Amino acid sequence: MLQRFTDTFMKDVNLGVMLIGLDYTVISVNEKACAILGCGREQMIRRPVDDIFAAVPEQHRLVQRTMLDGVIVRNHAVSWTNHDRRYDLLLDSNVLRDPGGRIVGAYVMFKDVTNLRSLEAQVQRSDRLAMIGQIAAGTAHEIRNPLTSIKGFLQLLRATFEQREMAKERSFTDVMLSEIDRINELVSEFLLLSKQKEALLAEVDIQHVLRGILPIIESEALLHNCEVQYEPLPSVPPVTADQEMLKQVFLNICKNGIEAMPDGGILTIAEKLDQGDRKLLIDIRDTGPGIPLFLVDKIFDPFFTTKEHGTGLGLSVCQRIIHDIGGTIRVSSKGYGTTFTIGIPFS
Ligand SMILES: Nc1ncnc2c1ncn2[C@@H]1O[C@H](COP(=O)(O)OP(=O)(O)O)[C@@H](O)[C@H]1O
Ligand SMILES: [Mg+2]
């Protein structure tokens with residue numbers, strides 16, 4: 001029975017298992033271990049561990065020589081790359097002893113926790129978002145109220161300077177006013193992130209929303225010598241969302257696209273239906289330089305920006321809004337041009 005259990009366990013268990021002999025060779029290895037390590041069983045059985053891991057520096061090997069000396073390892077986190085797949089593993093190892101207590105070998109067991117690790121990263125991300133939300137909720141109004149009076153008095157000053165033909169002073173007030181607008185914009189994005197604004201969910205016609213903001217996008221595009229193309233479907237099903245927030249999402253992403261094309265280009269907004277997933281997909285495509293692979297993971301992080309005057313909040317706001325209505329935002333960028341795909345579930 002015990003032998004049966006051992007055989008079945010080695011085959012069925014969702015762990016990589018290796019048995020190591022006293023001479024530091026592999027005695028046995030299960031399929032899961034082979035799959036994670038990326039070697040066939042015949043390449044490992046009876047071979048010295050040092051040969052199998054020859055290409056890996058000593059401290060990164062899954063199997064350490066010290067384990068034969070009785071060093072017990074529990075829940076040791078290691079990462080392992082097999083071809084181009086990266087695994088996060090949790091590893092246990094211990095020695096095996098005969099009835100007399102002498103060490104006769106050792107075992108290593110490792111569990112693939114790659115998905116858990118990315119979950120952990122997601123949780124950390126939403127923690128950070130929640131923290132920003134709290135800070136924002138506490139301070140946004142405190143910043144906005146004094147700004148309103150500063151702005152009001154500056155506008156008075158500006159009018160006076162203009163009357164007295166003090167051009168230089170007037171230009172200073174212009175700069176100050178536009179900087180105040182920038183702070184106000186930042187605070188608005190903060191407030192959106194903090195969910196201070198209640199979403200007003202209703203049935204929304206996406207084409208109506210897109211047609212409504214098209215003039216704003218077009219005028220922004222004109223400033224950057226870009227062209228805008230809207231490719232609507234003949235008709236689309238309604239979605240449940242907050243119309244104003246959706247506008248903000250489309251505007252943010254279109255603005256990013258236009259800003260990515262300082263020397264002109266084409267911004268395309270296209271619609272698709274994913275009947276399988278029951279989602280309406282809106283592609284926003286630009287012909288800019290694309291997003292380098294090593295930055296793609298970061299662009300949704302709050303405050304991540306590559307722009308001199310960027311806030312880095314645009315995409316995190318978009319993501320929050322879209323996730324709240326059960327949608328998705330995907331980005332694909334292959335060297336040339338970038339496509340953001342916003343998926344919104346329809347009923
Ligand atoms: N269409 C795009 N093409 C290239 N890079 C982009 C595009 N959209 C976003 N990015 C990158 O993502 C970053 C974050 O965008 P966002 O959150 O909107 O903040 P911001 O626009 O203030 O920088 C940008 O600074 C830019 O590096
Ligand atoms: Mg932006």
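Before I look further, what does the chain give for accessible area per residue, probe 1.4 Å, in whole square angstrom?
That works out to 59 Å² per residue.
Based on the Cβ-Cβ distance from LEU200 to VAL113, what FRET efficiency comes out when R0 is 35 Å, to the nearest 0.05? Kindly include the intermediate steps, with their values, before the conclusion.
Numbers: r = 41 Å, r/R0 = 1.17.
Computed FRET efficiency for LEU200 and VAL113: 0.30.
Could you sort the peptides 253-265, 31-43 by per-residue average Cβ neighbour count (10 Å cutoff), highest mean leading? Write down the numbers at each step before the final one.
Numbers: 253-265: 19.4, 31-43: 15.3.
The most tightly packed comes first, giving 253-265, 31-43.
Which lysines, if any, have their Cα less than 28 Å from the Cα of LYS32, not counting same-chain residues under 8 positions apart?
Straight-line reach from LYS32, under 28 Å: LYS11, LYS111.
Using only the alpha-carbon atoms, how far is helix 243-259 inclined from the longest principal axis of the chain? Give it as 0 to 90 degrees, nearest 10.
Long axis of 243-259 versus the principal axis of the chain: about 80 degrees.
Just to confirm the number: angle between the C-alpha axis of helix 206-223 and the first principal axis of the chain, 0 to 90 degrees, nearest 10?
So the helix axis and the longest Cα principal axis differ by about 70 degrees.
Round to a whole number: what % of the accessible area of the chain belongs to carbon and sulfur, probe 1.4 Å? Could you put the intermediate results ahead of the total?
On the way: 11140 of 20350 Å².
So the carbon and sulfur contribution to the accessible surface is 55 percent.
Amide H neighbours of SER28 under 5 Å, at least 5 residues apart or on other chains, H built in the peptide plane: list them.
Under 5 Å from the amide H of SER28: LEU19.
Mind checking the dipole of the chain: about its Cα centre, +1 per Lys or Arg Cβ, -1 per Asp or Glu Cβ, Debye to the nearest 20? Please report the intermediate quantities before stating the final value.
On the way: 38 positive and 45 negative charges, 193 e Å.
The calculation lands at about 920 debye.
For TYR87, list long-range residues whose amide hydrogen, built 1.01 Å from N in the peptide plane, is under 5 Å from its own amide hydrogen.
TRP80, THR81, ASN82
Which one of THR240, ILE103, ILE183 is farthest out on the positive end of the charge dipole of the chain, using unit charges on Cβ (Lys, Arg +1; Asp, Glu -1) and the Cα centre as origin?
ILE103
Setting aside same-chain residues fewer than 8 positions from LYS298, which lysines have a Cα under 24 Å from its Cα?
By straight Cα distance, LYS298 reaches LYS195, LYS247, LYS255, LYS307, LYS334.
The values are calculated or read from the model by the stated rules, or taken from the named source; none is laboratory data. Every value quoted in this text rests on a predicted model; they were computed, and no experiment measured them. Every residue, glycine among them, receives a Cβ derived from its backbone with ideal geometry; neighbour counts consider all protein chains shown. What goes into the accessible areas is simple: the full protein's heavy atoms, side chains included, and nothing from ligands, DNA or RNA. Shrake-Rupley method; radii C 1.70, N 1.55, O 1.52, S 1.80 Å.
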